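Okay, structure first, notes after.
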Amino acid sequence: SSSGGKSAKKKKWSKGKVKDKAQHTVALDKVTYDRIMKEVPTFKFVSQSILIERLKINGSLARVAIRHMEKEGHIKRIVHHSAQLVYSMSN
């Protein structure tokens with residue numbers, strides 16, 4: 001009997017792990033706004049991805065919040081890059 005050829009079973013590839021879809025906030029309400037204004041200035045390092053992860057908001061909302069905080073003077077810009085903006089708490 002042969003150990004290969006057409007009759008040999010094909011390898012079944014695993015489907016991989018499926019990541020749950022994140023249910024992040026897409027609209028800014030009073031509770032979320034108050035939380036951003038209270039917590040974000042205390043962060044040592046502020047970026048879009050940090051806000052998304054910690055505050056469970058979507059990316060566009062995080063960008064708007066960061067721009068607002070910078071304009072108000074609560075945070076200051078450290079690195080300005082097209083893909084990733086890095087901020088720090090203002091002293």
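Here are the numbers for this structure:
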| quantity | calculated |
| --- | --- |
| The chain, helix-only ellipticity at 222 nm - DSSP H runs n ≥ 4, -39,500 (n - 2.57), divided by all residues, nearest 500 | -10500 deg cm²/dmol |
| Accessible surface of the chain, 1.4 Å probe, proportion on carbon and sulfur as whole % | 55 |
| Partner lysines for Lys76 [C-alpha distance under 23 Å; skip if fewer than 8 residues away on the same chain] | Lys38, Lys44, Lys56 |
| Accessible area per residue, Å², the chain with all protein chains present, probe 1.4 Å | 83 |
| Sum of side-chain charges, Glu70 neighbourhood, beta-carbon under 9 Å (Lys, Arg +1; Asp, Glu -1) | +3 |
| Scaled radius of gyration (Cα, divided by 2.2 N^0.38 Å) that segment 30-89 gives | 0.99 |
| Student exercise, segment 30-89 dipole from Lys, Arg, Asp, Glu Cβ charges, in Debye to nearest 20 | 40 |
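The values are calculated or read from the model by the stated rules, or taken from the named source; none is laboratory data. Note that the structure is a prediction, hence the values are computed from the model and not measured. Backbone-built Cβ (ideal geometry, glycine too); neighbour counts: all protein chains shown. Surface accessibility is based on the protein's heavy atoms, side chains included, excluding ligands, DNA and RNA. Shrake-Rupley method; radii C 1.70, N 1.55, O 1.52, S 1.80 Å.
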